[in-house]
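Beneath this line is the structure, given in structure tokens, with notes to follow.
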Amino acid sequence: MNPPPFQRAVDTLRAILDGPGPRPELDLEDMPAPQRLAPYAAAMSGSVYRDGGDGETEIATGRLIVLYDPEGRQGWTGGFRIVAYIRADLEPEIAADELIGSVAWSWLLEALEPAGYAGESGTITRAVSESFGDKRDEPSTTELELRASWSPTGEDLAGHVTAWCEVMCTTAGLPPAGVSALPDRPGGAGG
């Protein structure tokens, strides 16, 4: 039987997974949680899709793990710790910007601010994959990986899941929820 604080966290995750979803481009799923990080753990995965000419294309993926130890741990504020991972395709011009790591980290902190967090830590990695030999005709790809953990300052985890979803979509290049991208017009801005 789960301790009440962790059961409330599991119920929150279940309500989000069973609900309408925060955005139509985002698909959330339950996933097995790692068992050795804390006495109690729950996890979900997410994928962000963009419509392409031949259907939907996955442009970002992520995992969110909720850890709970009733005794707490060194570096945790309280009994909970959240671990997040996001991997997103980037345009080569954006990946070349030396500030993209700092910008992506600021997206995370800004998204978490309304939910409340402490003890944040993480890394941002930019990767360029080039193809050679029989794969030489495949285009180069660039990606950003965000790995982060933090302690929620309250027990309501819905805001933390929302923040993770928001950052995954932002990293994938989608406009903020409720904002539409302007369509390209022939002839540029002046018509």
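Every number here is computed from the coordinates shown, using simple stated rules; none is lab data. What you are looking at is a predicted structure, and each value in this text was computed from that prediction instead of being measured. Every residue, glycine among them, receives a Cβ derived from its backbone with ideal geometry; neighbour counts consider all protein chains shown.
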Potential extension, ARG14-GLU56 segment - 0.36 nm per residue separation minus Cα distance: 12.6 nm
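Rank these for me by crowding, MET168, MET31, MET1, MET44, going from fewest to most other beta carbons within 10 Å. Could the numbers behind the result be given before it?
On the way: MET168 31, MET31 13, MET1 5, MET44 21.
Sorted ascending by nearby Cβ count, the order is MET1, MET31, MET44, MET168.
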Mean projected area in nm² (Cα convex hull; one quarter of hull surface) for segment 1-116: 9.5
Signed unit charges on C-beta, dipole axis of segment 4-171, positive-most listed residue LEU28, ALA84, THR125: ALA84
Segment 64-137 - Kirkwood radius from inverse mean 1/r over Cα pairs (Å): 15.3
Top of ASP27, ASP89, ASP97 by mean-square fluctuation, Gaussian network on the chain, Cα under 10 Å: ASP97
Nearest 10 degrees, 0 to 90: helix 158-171 Cα axis against the chain principal axis: 20
Distribution of pairwise C-alpha distances over segment 1-54, 5 Å bins, in %: 4, 16, 22, 21, 14, 10, 6, 3, 2, 1
Charge dipole (segment 28-146, unit charges on Cβ, about Cα centre) - positive-most of SER47, THR57, TYR68: TYR68
Helix axis angle, 4-18 relative to the chain longest principal axis, alpha carbon, degrees: 30
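Which value, in debye to the nearest 20, gives the size of the charge dipole of the chain about its Cα centre, when Lys and Arg are +1 and Asp and Glu are -1 at the Cβ?
Values: 14 positive and 30 negative charges, 129 e Å.
Roughly 620 debye, rounded to the nearest 20.
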